Ligand code: SF4
Ligand code: SF4
């Protein structure tokens, strides 16, 4: 039979105060008090910030709200290939495809509807990585609030890039 090492704890050696955990509780309260005083009087070296008055500077490649990019003529670059929908681990992308009458040899379809449920999204960026057309990228916009679940499901109009791409606060995207 295999030997297993065990540790025997002798609780009988603890006094009454030890068994009531008085010193452990007082020690815990002392730690809490120390942090309280440090937060009150040592504001410079605390990790928390006074949001929303104070904002953190996030990385250039922050994974924020998605953007659907467009071609020069304003049409979506998305060719409804379902690569992003397939790669999404949260199942939060829903695409309905239709045939594109303007199609060239490069693509056949376009997105009739393209929705992302931002409440399900975990902002992993897999959809951006999967897109072969650089049609889906991410902004650095991470402050989102919704009053209903339906509001969190955003479609083409909300996701479409408005104006020149240089004006967007771009976040995670393929390396061009
Ligand atoms: S960021 Fe991740 S979870 Fe969100 S839509 Fe893209 S693949 Fe899905
Ligand atoms: S991977 Fe890109 S091109 Fe394909 S459906 Fe998604 S956004 Fe459109």
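The values are calculated or read from the model by the stated rules, or taken from the named source; none is laboratory data. All of these numbers come straight from a predicted model, not from anything done at the bench. Note that each Cβ is placed from the backbone with ideal geometry, even for glycine, and that neighbours are counted across all protein chains shown.
Structural remarks
- All positions within segment 73-86 that are at pLDDT 95 or above and more than 8 Å from ligand 2 (Cβ to nearest atom): 86
- Test: residue 122 is farther than 22 Å from residue 170 by Cβ, more than 8 Å from ligand 2 (Cβ to nearest atom) and modelled with pLDDT of 95 or more: no
- Residue match in segment 35-51 (condition: within 16 Å of ligand 1 (Cβ to nearest atom) and closer than 30 Å to residue 172 by Cβ): no
- Residues satisfying the stated conditions in segment 47-72, i.e. in contact with a strand residue (DSSP E or B) (Cβ under 9 Å, 6 or more places away or on another chain) and away from ligand 2 (no atom under 16 Å from the Cβ): 60, 61, 62, 64
- Conditions (1) without any contact (Cβ under 8 Å) to a residue 60 or more places away in the chain; (2) out of contact with any strand residue (DSSP E or B) (no Cβ under 8 Å at 6 or more places or on another chain); (3) more than 16 Å from residue 122 (Cα to Cα); (4) exposed (fewer than 15 other Cβ atoms within 10 Å of the Cβ); number of the one not met by residue 91: (3)
- Among (1) more than 21 Å from residue 151 (Cα to Cα); (2) part of a loop (DSSP other than H, G, I, E, B); (3) within 15 Å of ligand 2 (Cβ to nearest atom) - the single one residue 90 does not satisfy: (1)
- When residue 93 is tested against (1) modelled with pLDDT under 90; (2) within 12 Å of ligand 1 (Cβ to nearest atom), exactly one condition is not met: (1).
- Sub-9 Å Cβ pairs linking a first residue in segment 63-77 that is farther than 24 Å from residue 153 by Cβ to a second residue that is away from ligand 2 (no atom under 12 Å from the Cβ), at least 6 apart or interchain, are 73/102, ordered by first then second residue.
- Among the residues of segment 134-142, at least one is out of contact with any strand residue (DSSP E or B) (no Cβ under 8 Å at 6 or more places or on another chain) and within 11 Å of ligand 2 (Cβ to nearest atom).
A quick yes/no check of all residues on (1) outside any loop (DSSP other than H, G, I, E, B); (2) within 16 Å of ligand 1 (Cβ to nearest atom); (3) loosely packed, with under 15 Cβ neighbours inside 10 Å:
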| site | (1), (2), (3) |
| --- | --- |
| 64 | no, yes, no |
| 74 | no, no, yes |
| 81 | no, yes, no |
| 98 | yes, no, yes |
| 102 | no, no, yes |
| 128 | yes, yes, no |
| 138 | yes, yes, no |
| 142 | no, yes, yes |
| 151 | yes, no, yes |
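- Of the residues in segment 106-119, at least one is modelled with pLDDT of 95 or more, in a loop (DSSP other than H, G, I, E, B) and within 16 Å of ligand 2 (Cβ to nearest atom).
- Screening residue 172 against (1) touching a helix residue (DSSP H, G or I) at 6+ places or on another chain (Cβ under 7 Å); (2) assigned to a strand (DSSP E or B) leaves a single unmet condition, (2).
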